[in-house]
Each structure stands twice: as structure tokens, then as C-alpha cells.
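The block underneath contains the structure these notes are about, expressed in C-alpha cells.
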Amino acid sequence: MPDGLPPGVRLERLGAEHEGALLVFELENRAYFASHISDRGEAFFAEFAERLAELLVDQDAGELHFHVLVEDDGQIVGRVNLVDVADGSAELGYRIAERWTGRGLATAAVRELCELAAGKYGLRELRAGTNLTNVGSQKVLERTGFVPAGEREYGGRPGIEYMLALGV
């Protein structure tokens with residue numbers, strides 16, 4: 001997969017129709033995600049439908065832009081999100097299913113979302129970060145043009161904040 005998403009995987013804007021597949025994705029990968037970032041906790045799963053409905057309202061208001069990576073069979077294999085959208089800036093976050101790690105999917109998805117951020121959403125700058133132990137995520141950010149911008153805590157762990165100027 002040189003630069004684009006692999007065959008059979010597409011980036012879609014999150015919608016109510018993704019609820020079931022998204023919950024399966026989060027549950028199947030929960031332990032894997034918790035090994036890199038803070039666990040979402042039981043309340044996240046117990047209130048999943050309500051939380052998704054609230055996110056979709058916020059998305060319609062332009063406060064965030066959530067996207068999912070969907071295989072042709074409907075399974076979700078990743079999330080790529082923009083949150084805290086304000087004043088031409090947003091924070092990027094992403095999660096990739098464990099079975100897809102190390103295959104370039106995160107890099108391709110981040111590249112695609114950066115294009116959407118600049119073009120469709122009119123953003124000029126993105127922030128992102130990772131804890132110091134998540135070397136894979138650091139490599140994704142660096143491959144996609146993000147540059148280190150300082151130290152920051154992520155889930156109680158020391159980390160690095162990155163910045164990317166869009167449309168430059």
C-alpha cells in the first residue's frame with residue numbers, strides 16, 4: 001500500500017449506521033488499545049448508543065469530524081477523528097484494529113484525513129500526540145508530516161505533542 005488505503009478499505013464519515021460495527025471494533029480491540037492508551041472504561045460501553053448519538057449531534061454542529069475505516073464486508077478496522085475543532089485548528093486522533101497494525105493503514109488514513117481537514121473542513125493546523133512508549137504512533141505522525149512541538153501527558157503518561165500546518 002504505497003500512499004492510499006488498501007483495496008477493500010474505505011474512509012467514511014461516522015454515521016448512526018456504523019453503531020453496531022463500531023461497538024464490535026471497540027470491544028474486540030479493547031485490550032490492545034488499553035496497552036497503548038487509557039482504557040475507555042465500562043461506562044463507555046454501557047452508554048455507547050447514547051454517546052454516539054451525542055457525538056453525531058456535535059459532528060453536525062461542526063465541533064468534531066469522526067471517520068471510520070470500513071472493509072467491504074462492513075467491518076470497521078479503524079477510526080480517524082478530528083476533535084476540538086475551532087479557529088481553523090483541530091486535534092487528530094486515531095485507532096487501528098490490532099490485526100491491521102504494521103501494514104500502513106494508519107499512515108494512509110491519517111494522510112487521507114489531513115486532505116479532508118484542509119479541503120472539506122477548511123482547517124489550517126492539526127495537533128496530535130502520543131505517549132512516549134507508543135513508537136508506532138510516533139512513526140505514523142512523522143511519516144505524515146507532523147513535527148514534535150513539545151511534551152504533554154497522555155492518559156497520565158509522558159508524551160509528545162505534534163503539529164502539522166495544512167495547505168502549506
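Most tightly packed first, judged by the mean number of other beta-carbon atoms within 10 Å of their residues, the peptides 44-55, 81-92 read 81-92, 44-55.
Between the stretch 2-31 and the stretch 100-116, the alpha-carbon centres lie 12 Å apart.
Placing ASP73, ASP60 in order of accessible area, with the largest value first and a 1.4 Å probe, yields ASP60, ASP73. Ligands, DNA and RNA left out, the accessible area of the stretch 1-128 computed with a 1.4 Å probe is 50% carbon and sulfur. Just the number, please: Stokes-Einstein D of the chain in µm²/s, Kirkwood Rh from C-alpha pairs, 25 °C, 0.890 mPa s. The estimated diffusion coefficient comes to 151 µm²/s. Placing dummy labels 7 Å off each Cα toward the beta-carbon, the span from ARG143 to ALA31 is 2.6 nm.
Solvent-accessible area per residue in the chain equals 51 Å², computed with a 1.4 angstrom probe and all protein chains kept.
Across the stretch 63-77, rounded Karplus estimates of 3J(HN,Hα) from the backbone phi angles (6.51 cos²θ - 1.76 cosθ + 1.60, θ = phi - 60°) give 7, 7, 9, 9, 9, 10, 9, 10, 7, 4, 7, x, 6, 8, 10 Hz, Gly and Pro being marked x.
The values are calculated or read from the model by the stated rules, or taken from the named source; none is laboratory data. None of the values given here were measured: they were computed from a predicted structure. Virtual Cβ from ideal backbone geometry, glycine too; neighbours counted across all protein chains shown. Accessible surface is based on the protein model in full, side chains and every heavy atom, while ligands, DNA and RNA are left aside. Shrake-Rupley method; radii C 1.70, N 1.55, O 1.52, S 1.80 Å.
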